[in-house]
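Reviewing the structure listed below.
The values are calculated or read from the model by the stated rules, or taken from the named source; none is laboratory data. Not measured: the values here are computed from a predicted model. Neighbour counts are summed over all protein chains in view; Cβ atoms, including those assigned to glycine, are modelled from backbone coordinates with ideal geometry.
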Amino acid sequence: MSEPIKQIVILGGGTAGWMAAAALAKALANSGAGICVVESDEIGTIGVGEASVPGLQAFNAFLGLDEREFMRSCQATFKLGIEFVDWGALGRRYMHSFTGYGLAAGSRQFHRLFQRFALARESLGKTISFDDYNLGALAGRSRRFLLPTAGASSRTGNLNFAFHFDAALYARHLRQYAERRGVRREEGKVVAVQQHAESGFIEALTLADGRRVAGEFFIDCSGFKGLLIEGALRSGYEEWSRWLPCDRAIAVQSGNTESPLPFTRSTAQSAGWIWRIPLQHRVGNGYVYSSADLDDDSAEKQLRLHVQNGALSEPRRIRFVTGKRRRIWDRNCLALGLAAGFLEPLESTGIHLIQSSLLRLISLFPDRRFEPAEIDTFNRQTDEEICDVRDFIIAHYKLTSRQDSEFWRRCGAMEVPERVSQILQLFAATGRLTTRPEQLFTTQSWLAILYGQGSLPRGFDPLLAPMPDADLEREMAAVHQHLQHAVSAMPDHAEFVSRYCAAVAPPNP
Ligand SMILES: Cc1cc2nc3c(=O)[nH]c(=O)nc-3n(C[C@H](O)[C@H](O)[C@H](O)COP(=O)(O)OP(=O)(O)OC[C@H]3O[C@@H](n4cnc5c(N)ncnc54)[C@H](O)[C@@H]3O)c2cc1C
């Protein structure tokens, strides 16, 4: 017989904590389970993380949030993808767009045509850009945006998009949502964790003023230190710095010098990369770098040179170790967000991993027996998802041909995980990819970085061999023209945002 959980305790009120509170308040609305969030004003939140992947639309829809209201209250703009500058080689730029390549109604896999075309051009000493055949990349380049509509050209299809937003305001928005649905909040610093003497199950948290918060299921959203999953349960940490050498970040906010772009920009530097995320009211900037190659003061200097229009905030220095907990769910404690692990924000995946862990938790929601098979299933699926994202990020570094610093020489020469080398080898030989549909980054994303960073396969689809060169040339030109034409009919992104979801005023501090 089932023994339902009556009390859930979420430790931490950052993005992870309030996403968990909102999602569980919605999913467990009629279960009778109480939900309590414990957070400490003294400790605060990490306060960075402002770009998403398209999946956030589904999470907001699951909660029933109104999109315009969400965008207004979080100073959000639309994100069509990420522009990578100087990654493959100095002077090279490309877009990892969320929208597919070619024409939506095309009957062949468009990239197979592109491969053949690119190889033909290469033999003439010419290079072509994959971006020229992508609706999102072309719209981004022209700073245009249009929401998906039934009326969009059936040939070019719709733009796929994510958001840039202020994550602290998002947490505030979700807090209001959760509190309206009965979630209780306890402010205070946890100083002790009580565990069952034999099983080690967590029973209660003690706050600095002596208050005791008891529960049956604990969600650890306490940030990097993982107060419950590591501090109490000693789950262990699997480190990945041999593939992802960056271990520091400096984040700073600046004013808008131009109307917000509909994409994030990541510009590679001598020992890492700098992000630029345009919101309605300001720009988020940060430098992710390797402390073995660059000291903190020099990194801050480089970042300040890069930031346009002056800093609005004191630069914030953050240390991290790339990797994940060995058991993200251990006994009656599940870790979420930074407490579960950390991957550098190159592809803006932190918030997505919180969201997908939450949806997985809801589908495998335990009772008080905490069935080990259920927990193992959760851990296996979550590990697989995180490793897929990790591999995709590693590929960005591996695929460089930069030789101008020790950092990039090391990245280009490093041994990558077996899973990554299999993908790269197959692509190099045949132009084929072996991603799975359930992966966050599927074929389109891998192609964007492979072509964007200068990889061209040796072979192309044998089924395309009989196509005459002139037909291929005509088809490629027609695709580009159709996409370009569709983009020219779209409104300017900044204008669209101000009409659709302009924030009423700058947020209160
Ligand atoms: C440099 C950087 C850039 C990032 N960029 C992105 C991005 O662009 N996109 C993206 O999706 N993700 C990004 N992320 C990840 C994203 O910021 C995090 O996933 C997200 O903010 C979740 O943080 P959190 O809630 O887990 O932790 P935190 O924000 O650190 O919150 C921890 C909470 O725990 C509480 N707490 C801790 N200890 C105690 C205690 N003893 N007692 C009581 N309360 C306690 C704190 O008060 C706080 O409320 C980035 C991360 C970093 C470091």
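Observations on the model:
- Condition check for Ile46: part of a strand (DSSP E or B) and either aliphatic (A, V, I, L, M) or modelled with pLDDT under 95 (or both): no
- Residue selected from the range 210-246 under the condition touching a residue at least 40 places away in the same chain (Cβ under 8 Å) and in a helix (DSSP H, G or I), by the criterion nearest to the ligand (Cβ to nearest atom): Leu227
- Subset of the range 455-509 (residues that are farther than 28 Å from Leu279 by Cα and among the small types (Gly, Ala, Ser)): Ser455, Gly459, Ala465, Ala470, Ala477, Ala478
- Here Ser313 clears all of (1) in the same structural domain as Gln195 (by TED's automatic domain parsing); (2) surrounded by fewer than 21 Cβ atoms within 10 Å (Cβ to Cβ); (3) of a type outside the set (Lys, Arg) except the condition numbered (1).
Here's the yes/no breakdown for (1) among the charged types (D, E, K, R); (2) more than 27 Å from the chain's Cα centre (by Cα):
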position: Leu159; (1), (2): no, no
position: Asp166; (1), (2): yes, no
position: Tyr177; (1), (2): no, no
position: Arg180; (1), (2): yes, yes
position: Val191; (1), (2): no, yes
position: Ala197; (1), (2): no, yes
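- Some residue of the range 123-130 being at pLDDT below 95, within 21 Å of the chain's Cα centre (by Cα) and either surrounded by 22 or more Cβ atoms within 10 Å (Cβ to Cβ) or of a type in the set (Lys, Arg) (or both): no
- Of all residues in the range 13-53, those being within 6 Å of the ligand (Cβ to nearest atom), out of contact with any strand residue (DSSP E or B) (no Cβ under 6 Å at 6 or more places or on another chain) and in contact (Cβ under 8 Å) with a residue 24 or more places away in the chain number 9.
- Subset tally (residues that are among the β-branched types (Val, Ile, Thr) and either assigned to a helix (DSSP H, G or I) or crowded, with 20+ Cβ neighbours inside 10 Å (or both)) for the range 401-423: 2
- Wholly enclosed strands (runs of 3 or more DSSP E) of the range 261-306 bearing at least 3 residues more than 12 Å from the ligand (Cβ to nearest atom) and closer than 30 Å to Phe145 by Cβ: 264-269
- If you go through the range 327-351 and keep only what is within 19 Å of Gly47 (Cβ to Cβ) and among the polar types (S, T, N, Q), you end up with Ser348, Thr349.
- Residue within the range 428-450 that is over 22 Å from Trp329 (Cβ atoms) and aromatic (Phe, Trp, Tyr) present: yes
- Within the range 321-330, being under 18 Å from Arg248 (Cα atoms) and surrounded by fewer than 19 Cβ atoms within 10 Å (Cβ to Cβ) holds for Val321, Gly323.
- For the range 144-175, the set of residues classified as of a type in the set (D, E, K, R) and crowded, with 18+ Cβ neighbours inside 10 Å consists of Arg144, Asp166, Arg175, listed by residue number.
- Of all the listed residues (Ala251, Ala178, Ala192), the sole one being surrounded by fewer than 22 Cβ atoms within 10 Å (Cβ to Cβ) and small (Gly, Ala, Ser) is Ala192.
- Single condition Gln253 does not satisfy, out of (1) within 14 Å of Phe78 (Cα to Cα); (2) touching a Ser or Thr at 6+ places or on another chain (Cβ under 6 Å); (3) not hydroxyl-bearing (Ser, Thr, Tyr): (1)
- Filter result for Gly49 (closer than 30 Å to Phe130 by Cβ, of a type outside the set (D, E, K, R) and touching a Gly at 6+ places or on another chain (Cβ under 6 Å)): yes
- Given (1) within 9 Å of the ligand (Cβ to nearest atom); (2) within 20 Å of the chain's Cα centre (by Cα), number of the condition Val85 does not satisfy: (1)
- Only one of the numbered conditions (1) without any contact (Cβ under 8 Å) to a residue 24 or more places away in the chain; (2) within 16 Å of the ligand (Cβ to nearest atom) is not met by Ala61, and that is (2).
- Residue within the range 377-390 that is in contact (Cβ under 8 Å) with a residue 60 or more places away in the chain, in a helix (DSSP H, G or I) and away from the ligand (no atom under 14 Å from the Cβ) present: yes
- Total residues in the range 307-339, condition part of a loop (DSSP other than H, G, I, E, B) and either within 16 Å of the ligand (Cβ to nearest atom) or in contact with a Leu (Cβ under 9 Å, 6 or more places away or on another chain) (or both): 11
- Restricting attention to the range 247-260, the residues being in a loop (DSSP other than H, G, I, E, B) and within 20 Å of Ile46 (Cα to Cα) number 1.
- Segments classed as strands (runs of 3 or more DSSP E), wholly inside the range 89-205, with at least 1 members that are more than 25 Å from Lys79 (Cβ to Cβ) and either touching a helix residue (DSSP H, G or I) at 6+ places or on another chain (Cβ under 6 Å) or not assigned by TED's automatic domain parsing to the domain that holds Gln253 (or both): 184-187, 190-195
- Yes/no for Ile8 being in contact with a Cys (Cβ under 8 Å, 6 or more places away or on another chain), outside any helix (DSSP H, G or I) and either away from the ligand (no atom under 11 Å from the Cβ) or closer than 19 Å to His352 by Cα (or both): yes
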